[in-house]
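S.K.: This is the structure, below, for whatever I ask next.
The values are calculated or read from the model by the stated rules, or taken from the named source; none is laboratory data. Fair warning: this is a prediction, and the values are worked out from it, not measured in the lab. Ideal geometry is used to build each Cβ from the backbone, glycine not excepted, and the neighbour counts take in all protein chains shown. To get the accessible areas, we keep the full protein, side chains included, count just its heavy atoms, and leave off ligands, DNA and RNA. Shrake-Rupley method; radii C 1.70, N 1.55, O 1.52, S 1.80 Å.
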Amino acid sequence: METRSAGILLPITSLPSRYGIGTMGREARKFIDFLEKAGQSWWQILPLGPTGYGDSPYQSFSTFAGNPYLIDLDDLAKEGYLKPSEYRKISWGDDPKRVDYGLLYEKRFGVLCKAAERLELNPPADYASFLKKNAFWLEDYALFMAEKYEHGGISYQEWEEPLRLHEEKTIQKEKIRLKEEVSFWSALQYLFFHQYSSMKKYANAHGIGIIGDVPIYVSPDSSDIWANPELFQLGKDRRPKMVAGVPGDAFTPDGQLWGNPLYDWKKMKEDGYAWWTERIRYQSNLVDLLRIDHFRGFESYFAIPAEDQNARRGEWKKGPGIEFFRTVEKKLGKLNLIAEDLGFLTPEVIQMVKDTGYPGMKVLQFAFDPRDTGGGYLPHQYPRNCVVYAGTHDNDTIMGWVHSAPKPFVKRAEKYLHLDEKEGYNWGVLRGAYESVASLAVMQFQDILGLGSEGRINTPSTVGGNWTWRCEEGAFTGTLARKLRSWMELYGRLPREKKAAGSSD
């Protein structure tokens with residue numbers, strides 16, 4: 001990252017829409033137009049996978065698939081896959097500021113089924129090649145989803161034994177028996193990636209790069225583990241022996257029990273980390289810059305006995321380290337990655353991030369806790385090769401933080417950043433990020449809007465109410481775009497071609 005730039009973090013689900021959830025259609029294009037006018041270079045969208053229990057994009061049914069909820073219904077109608085009367089009269093929820101995932105689950109797939117049927121009756125020219133190109137993950141995923149719906153949505157660990165164990169004879173029989181259902185889930189993936197490709201091309205044509213996200217772990221209820229059990233630390237019964245999490249601290253003495261099965265890194269090393277290489281290659285082709293979640297887990301990871309109810313008995317174990325990234329880069333070339341290096345960092349983790357050369361992350365909300373002496377989150381400590389956030393999707397908004405953080409933390413921020421109500425505390429914190437030496441500054445859209453805790457996306461270690469926030473229609477105003485653009489120009493973050501254009505304003 002040699003040039004200074006800026007971007008906005010806004011999940012696609014959080015875009016405005018008349019149909020219950022943000023999608024890759026008209027409002028996505030309007031937001032891209034806003035980003036261009038605002039002098040931004042990047043849109044960070046979070047993981048794209050289909051979500052399960054808890055609606056978290058970090059707990060997906062597949063690390064390769066796209067979320068069908070993000071398929072735009074109006075764009076399907078334009079291409080002849082739907083009739084407006086088939087979806088415009090449906091109630092998609094009463095609150096335009098919140099996603100109702102339960103309602104989507106009940107109603108969206110019935111509508112999408114009509115689109116899939118029309119696609120299969122008259123398949124586009126590239127449909128067969130899409131199925132062939134993506135068969136390495138799509139065949140298992142489509143059957144997994146067909147079985148999941150037939151089993152009432154329960155975890156695959158509760159399926160009948162031959163199916164749960166992914167026995168070849170059973171799999172072949174089920175593919176035949178559920179042929180129509182498998183075709184439906186395959187068709188949805190074509191429609192998703194068809195629209196996603198169109199959205200990304202639009203973004204790139206307007207000078208906006210897409211920042212994607214790879215969760216380090218996969219969901220315990222996913223086609224990834226079901227179809228590739230040998231890659232994970234599972235027992236003979238194919239159930240997890242150890243699961244992921246993080247140790248306790250002063251705030252959470254029990255630690256965090258994530259519950260994701262852990263990788264068998266020794267097994268993965270035998271074939272040169274082939275599954276991970278394919279995962280990074282695939283995701284890198286979808287985006288322009290890729291954030292690797294929980295980067296420290298590659299140096300060492302926290303392993304908790306699967307039967308435990310908290311993380312107290314967990315232990316740190318060595319991960320693959322720098323060898324993993326050197327192996328992957330030998331196959332794929334230099335990777336355009338961001339290392340999510342937050343949390344408890346040992347000298348070994350810090351050295352691994354340095355050795356990769358990937359930019360790490362700095363979060364301003366962490367900077368004003370006097371107990372943090374090693375995070376380097378104060379702007380005067382930043383290296384140029386880093387990405388600064390006021391807060392991430394796991395943090396409260398700036399204004400929410402101002403009202404909920406301990407008063408000494410806020411006082412320290414006021415003194416350091418010269419915050420005052422006239423400028424607005426949110427704008428003062430954003431200023432601190434933009435004027436820093438960090439090569440890239442990415443802000444949550446809720447912070448640009450100055451929202452309080454009602455705009456929070458996610459509260460870690462909680463279930464329910466997360467990932468539901470949406471911005472209201474009309475939020476992408478020209479006034480807001482002009483203000484941001486003037487700040488990008490002031491702090492040297494305006495894209496080069498826009499600097500020249502801006503001189504004549």
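S.K.: If amide H atoms are built 1.01 Å from N in the plane of the peptide, which residues on other chains or at least 5 residues away come under 5 Å of the amide H of Gly245?
M.R.: Trp258, Phe302
S.K.: With a bin width of 10 angstrom, please list the P(r) values of the range 10-100 as percents of all Cα-Cα pairs, from the 0 bin to the one holding the largest distance.
M.R.: Histogram of Cα-Cα distances, whole percents per bin: 16, 42, 35, 7.
S.K.: Given the rule -39500 (n - 2.57) for each run of at least 4 DSSP H residues, summed and divided by the residues of the chain, what is its mean residue ellipticity at 222 nm, to the nearest 500 deg cm²/dmol?
M.R.: When only DSSP H runs of four or more count, the value is -12000 deg cm²/dmol.
S.K.: Whenever you get a sec, compute what percent of the accessible area on the range 126-258 sits on carbon and sulfur atoms (1.4 Å probe).
M.R.: That fraction is 55 percent.
S.K.: Scan around Cys386 for amide H atoms under 5 Å from its own, H built in the peptide plane at 1.01 Å from N, and keep only partners 5 or more places away or cross-chain.
M.R.: Ser439, Leu440
S.K.: Next up: First measure r as the distance between the Cβ atoms of Arg98 and Glu167, then evaluate 1/(1 + (r/R0)^6) with R0 = 51 Å and state the FRET efficiency to the nearest 0.05.
M.R.: The calculated FRET efficiency here is 0.75.
S.K.: If you don't mind, another one. Report, to the nearest whole %, how much of the accessible area of the range 38-102 belongs to carbon and sulfur atoms, 1.4 Å probe, protein only.
M.R.: Taking all protein chains in place, the range 38-102 shows 50 percent carbon and sulfur surface.
S.K.: Enumerate the lysines that Lys114 could reach by cross-link, defined here as Cα to Cα under 19 Å, with residues fewer than 8 away along the same chain left out.
M.R.: The reachable lysines, counting only those whose Cα sits under 19 Å from Lys114, are Lys78, Lys83, Lys89, Lys179.
S.K.: How big, in percent, is the set of alpha carbon pairs in the range 268-359 lying more than 21 Å apart?
M.R.: 36 percent
S.K.: Using a 1.4 angstrom probe on heavy atoms only, work out the carbon and sulfur share of the accessible area of the range 337-427 in %. Intermediate results must be reported in sequence, preceding the final value.
M.R.: Values: 2410 of 4360 Å².
Carbon and sulfur together cover 55 percent of it.
S.K.: List the aspartates and glutamates whose Cα lies under 16 Å from the Cα of Lys200, skipping any in the same chain that are fewer than 8 positions away.
M.R.: Result set, ordered by chain and number: Glu27, Asp33, Glu36, Asp72, Asp75, Asp213, Asp288.
S.K.: For the chain, give the share of DSSP beta bridges that are antiparallel, in percent and rounded to the nearest 5; count only bridges with both residues there.
M.R.: 35 percent
S.K.: Multiply the residue separation of Lys78 and Lys201 by 0.36 nm, subtract the distance between their alpha-carbon atoms, and state the gained length in nm to one decimal.
M.R.: 42.5 nm
S.K.: Calculate log10 I(q)/I(0) of the range 363-469 for q = 0.11, 0.22 Å⁻¹, where I(q) comes from the Debye formula with a single equal point scatterer on each Cα and nothing for solvent.
M.R.: Summing over Cα pairs of the range 363-469 leads to -0.32, -1.26.
S.K.: Let me ask you something else. Using 1/(1 + (r/R0)^6) with R0 = 45 angstrom and r between the beta carbons of Asp369 and Ser155, what's the FRET efficiency to the nearest 0.05?
M.R.: Once rounded, the FRET efficiency stands at 0.75.
S.K.: Would you list which lysines come within 27 Å of Lys236, measuring only between C-alpha atoms, while excluding same-chain residues fewer than 8 positions from it?
M.R.: Lys236 reaches Lys148, Lys169, Lys173, Lys175, Lys266, Lys267, Lys269, Lys317, Lys318.
S.K.: Which whole-Hz ³J(HN,Hα) couplings does the range 132-146 yield from phi under the Karplus relation 6.51 cos²θ - 1.76 cosθ + 1.60, θ = phi - 60°, glycine and proline marked x?
M.R.: 3J(HN,Hα) across the range 132-146, in whole Hz: 5, 5, 9, 4, 4, 10, 5, 4, 5, 5, 5, 5, 4, 5, 4.
S.K.: Hey, can you rank 460-473, 236-249 by average C-beta count inside 10 Å, highest first?
M.R.: 236-249, 460-473
S.K.: Now for a different question. Calculate, for the chain, the solvent-accessible area per residue in square angstrom, rolling a 1.4 angstrom probe over the heavy atoms of the protein chains.
M.R.: Heavy-atom accessible area per residue stands at 44 Å².
S.K.: Just how large is the dipole of the chain about the Cα centre, in debye to the nearest 20, putting +1 at every Lys and Arg Cβ and -1 at every Asp and Glu Cβ?
M.R.: In debye, rounded to 20, the chain gives about 1160.
S.K.: Out of residues 5 or more away from Tyr263 or on other chains, whose amide H comes under 5 Å of its own, with H placed 1.01 Å from N in the peptide plane?
M.R.: Gln233
S.K.: State, as an integer percentage, the relative contact order of the chain based on alpha-carbon contacts under 8 Å between residues 6 or more apart.
M.R.: 20 percent
S.K.: Taking the Cβ-Cβ separation of Ile350 and Cys113 as r and a Förster radius of 60 Å, what is the calculated FRET efficiency to the nearest 0.05?
M.R.: Once rounded, the FRET efficiency stands at 0.75.
S.K.: Going from the alpha-carbon gyration tensor of the chain, what semi-axes, largest first and in whole Å, does one get by taking the root of 5 times each eigenvalue? It would help to have the intermediate numbers written out before the result.
M.R.: Details: eigenvalues 254, 175, 92 Å².
In descending order, the three semi-axes are 36, 30, 21 Å.
S.K.: Provide the per-residue ³J(HN,Hα) series for the range 402-410, in order, calculated from phi with Karplus coefficients 6.51, -1.76, 1.60 and θ = phi - 60°, each as a whole number of Hz, with x at glycine and proline positions.
M.R.: 4, 8, 10, 6, x, 4, x, 5, 5
S.K.: Which value in nm describes the separation of the simple spin-label points at Asp126 and Lys317, placed 7 Å from the Cα toward the beta carbon?
M.R.: So the label points at Asp126 and Lys317 sit 4.2 nm apart.
S.K.: What order do you get for 407-414, 189-196, 330-337 when each peptide is scored by the mean count of other beta carbon atoms within 10 Å, highest first?
M.R.: Going by the mean number of other Cβ atoms within 10 Å, highest first, we get 189-196, 407-414, 330-337.
S.K.: Additional query: Just to check I understand the Karplus step: with θ = phi - 60° and J = 6.51 cos²θ - 1.76 cosθ + 1.60, what whole-Hz values come out for the range 460-477, glycine and proline as x?
M.R.: Values, residue by residue: x, 6, 10, 10, x, x, 8, 6, 9, 5, 9, 7, 7, 4, x, 6, 8, 8 Hz.
S.K.: With each label point set 7 Å from Cα along the Cα-Cβ vector, what nm distance links Lys267 and Lys407?
M.R.: Output for this residue pair reads 5.5 nm.
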